[in-house]
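Below you'll find the structure, written out as structure tokens, and then a few comments.
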Amino acid sequence: MNNLVLFDDSQRTEILVKRKGETKFGEHVQLLSNFNTIYDQMLKLDVTHVLFGISEDIGVFANHGKPGTSTAWNTALKVLLNTQSNDYTVPNKLLILGHIFPKKALKKLSKLDALNKKDIKKARKMVNKIDVEVTHLVHQIVKAGKIPIIVGGGHNNAYGNIKGTSLALNKAINVVNFDAHTDFRPEEGRHSGNGFSYAYAEEFLNKYFVFGLHENYTSQNILTTMKKLKKKIAYNTFEAIKIRKETTFEEELKTSSEFISKRPYGIEVDCDAIENMPSSAMSPSGFSGTEVREFVSFFGKHEHAKYLHICEAAPSLNSEQQKTQVGKLISYLITDFMRA
């Protein structure tokens, strides 16, 4: 875990904004003193969930996307810690580990050209190394009997989440993905657009449901592939639910749950699917923040829910409004999932 940065009490103190008569969420979360024996420490802690971030946008670059997803973790953490601690929130049941921050790789990335094929290949090799760290950390958390909550980075990190959980449980898992895209592109080297196809090919992913697929941004090749694999891969579309109203959001929650909930599953949330959410592929049309909260709460209630991953958010560091809005929504999703 060369790139894992510990979140400690000094950082917490720096972030917390205390106010007389109030108690903040961050005052009661659990922290580790060191990373030497993460697994053993987690076993002893009376927590249900473990939160960590992934501060990278290498996978997005490797998929010819817009960088910026490396900023989501710090943005979300600041808002989460300053959320109220009250009868509705359970901060003492949350351990905050820190974040995976591949500093050297990001420095190399800044010198690469997105139009250069050789540079794209270099970035995809970097993603392989991040996969190893994400897989290992998720594996340790799930093996310790805790539920990981992962924030930040590109959707390439779904692969490590799935593999790590699968290895810890010693079985392939299912996944429901709230996303405008399938991220089931060909196995052409690792990037943010093929985390699920790699996990499926390597038999860590059993059944996969894509919730809210955008019809305009799904290739015919991928649609054909999903039809061939219809017993293992299913989907609904945003247009069918919200534009043509052929079905309802609530009906599709039930349908997708029936498809994936018979065995342990992961919950993936791609912020590209949320209307006007600053993300790597920001869209003027999508589900609302309230609907994604409902989605996370619904799937988080089931005993087979094994992790939550919130990815692809890319708030501009130059915009206080973007940072606040992104941070608030992610913190809502984290607390909704824990309450569920």
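Structural remarks
- Test: residue in region 1-18 that is polar (S, T, N, Q) and either buried (at least 21 other Cβ atoms within 10 Å of the Cβ) or in contact with a Phe, Trp or Tyr (Cβ under 6 Å, 6 or more places away or on another chain) (or both): yes
- Sole exception among (1) outside any loop (DSSP other than H, G, I, E, B); (2) surrounded by fewer than 18 Cβ atoms within 10 Å (Cβ to Cβ); (3) small (G, A, S) for S257, by number: (2)
- Matching entry among V326, V292, V296 (being modelled with pLDDT of 95 or more, in contact with a Pro (Cβ under 7 Å, 6 or more places away or on another chain), in a helix (DSSP H, G or I) and of a type in the set (A, V, I, L, M)): V326
- Taking region 290-319 as the range and being without any contact (Cβ under 8 Å) to a residue 12 or more places away in the chain and acidic (D, E) as the test, only E303 passes.
- Lone qualifier among K323, K232, K301 - being of a type in the set (K, R), surrounded by fewer than 22 Cβ atoms within 10 Å (Cβ to Cβ) and closer than 20 Å to L205 by Cβ: K232
- Some residue of region 235-250 being crowded, with 23+ Cβ neighbours inside 10 Å and either β-branched (V, I, T) or closer than 16 Å to F298 by Cβ (or both): no
- Complete set of residues in region 174-192 that are polar (S, T, N, Q) and within 12 Å of I222 (Cβ to Cβ): T182
- Among (1) under 21 Å from N194 (Cβ atoms); (2) in a helix (DSSP H, G or I); (3) touching a strand residue (DSSP E or B) at 6+ places or on another chain (Cβ under 8 Å), the one test that W73 misses: (1)
- Selection count where residues are surrounded by fewer than 24 Cβ atoms within 10 Å (Cβ to Cβ) and either in contact with a strand residue (DSSP E or B) (Cβ under 9 Å, 6 or more places away or on another chain) or part of a loop (DSSP other than H, G, I, E, B) (or both), scope region 199-208: 6
- Sole residue being farther than 18 Å from E312 by Cα, crowded, with 20+ Cβ neighbours inside 10 Å, β-branched (V, I, T) and without any contact (Cβ under 8 Å) to a residue 40 or more places away in the chain, chosen from T135, T165: T135
The values are calculated or read from the model by the stated rules, or taken from the named source; none is laboratory data. These numbers were taken from a predicted model, which means no experiment stands behind them. Every residue, glycine among them, receives a Cβ derived from its backbone with ideal geometry; neighbour counts consider all protein chains shown.
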